[in-house]
1. Convert each backbone phi in the stretch 16-28 into a coupling constant with the Karplus relation 6.51 cos²θ - 1.76 cosθ + 1.60 (shift: θ = phi - 60°), then list the ³J(HN,Hα) values in order as whole Hz, x for Gly and Pro.
2. Once you order the gyration tensor axes a ≥ b ≥ c over the Cα atoms, which shape class does the chain get: rounded for a/c under 1.5, otherwise prolate or oblate by comparing a/b with b/c?
3. Give the carbon-plus-sulfur fraction of the accessible surface of the stretch 2-88 in %, rounded to a whole number; probe 1.4 Å, heavy atoms of protein chains only.
4. Figure the gain on full extension for R91 and K18 (residue separation times 0.36 nm, minus the Cα-Cα span) and round it to one decimal in nm.
5. Each label point is 7 Å from the Cα along the Cα-to-Cβ direction; what then is the distance between the points at E81 and E64, in nm?
6. Might you tell me the accessible area per residue for the chain, computed with a 1.4 Å probe and given in Å²?
7. Given the -39500 (n - 2.57) contribution per DSSP H run of 4+ residues, what per-residue ellipticity at 222 nm results for the chain, rounded to the nearest 500 deg cm²/dmol?
8. Between Y57 and V103, how many nm apart are label points set 7 Å from Cα along the C-beta direction?
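The values are calculated or read from the model by the stated rules, or taken from the named source; none is laboratory data. Because the structure is predicted, anything quoted here is derived from the model rather than measured. No Cβ is skipped: glycine too gets one built from the backbone with ideal geometry, and neighbour counts run over all protein chains shown. Ligands, DNA and RNA are stripped out before the accessible areas are found, and what is left, the full protein with its side chains, is counted by its heavy atoms. Shrake-Rupley method; radii C 1.70, N 1.55, O 1.52, S 1.80 Å.
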Amino acid sequence: TDPYVKASLMAEGRRLKKRKTSIKKNTLNPNYNEALVFDVPHESVHHVSLTIAVVDYDCIGHNEVIGLCRVGSDADGPGREHWAQMLANPRKPIEHWHTLVEVR
């Protein structure tokens, strides 16, 4: 696979902004040491979330979503906890492992 990560800033079911990492060629265990930055006004931070998708790049056909996770105040479990940690530590990178779920 040739995976990359696509993060989308979401509000009310709509994508506001998106960012992508570089493509890691021919690997099943990619390692990304990249920052994806979104500028969100403080008054809007409780109304947005992130959808993070791992995508397999395909130069001929369509890119295929391998799995995704959500991070935000409306997310479940680890996604909500990660969001709370980020809000408690503004402007500091907060690392967290997330389990990907399949796209239906």
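1. Once rounded to whole Hz, the list reads 8, 8, 9, 9, 10, 8, 6, 8, 9, 6, 6, 9, 9.
2. Taking the square roots of the gyration eigenvalues as a ≥ b ≥ c, the chain is prolate.
3. C and S atoms contribute 50 percent here.
4. 24.4 nm
5. In this crude label model, E81 to E64 measures out at 3.2 nm.
6. 76 Å²
7. Per the formula, -3000 deg cm²/dmol.
8. About 1.7 nm, to one decimal.
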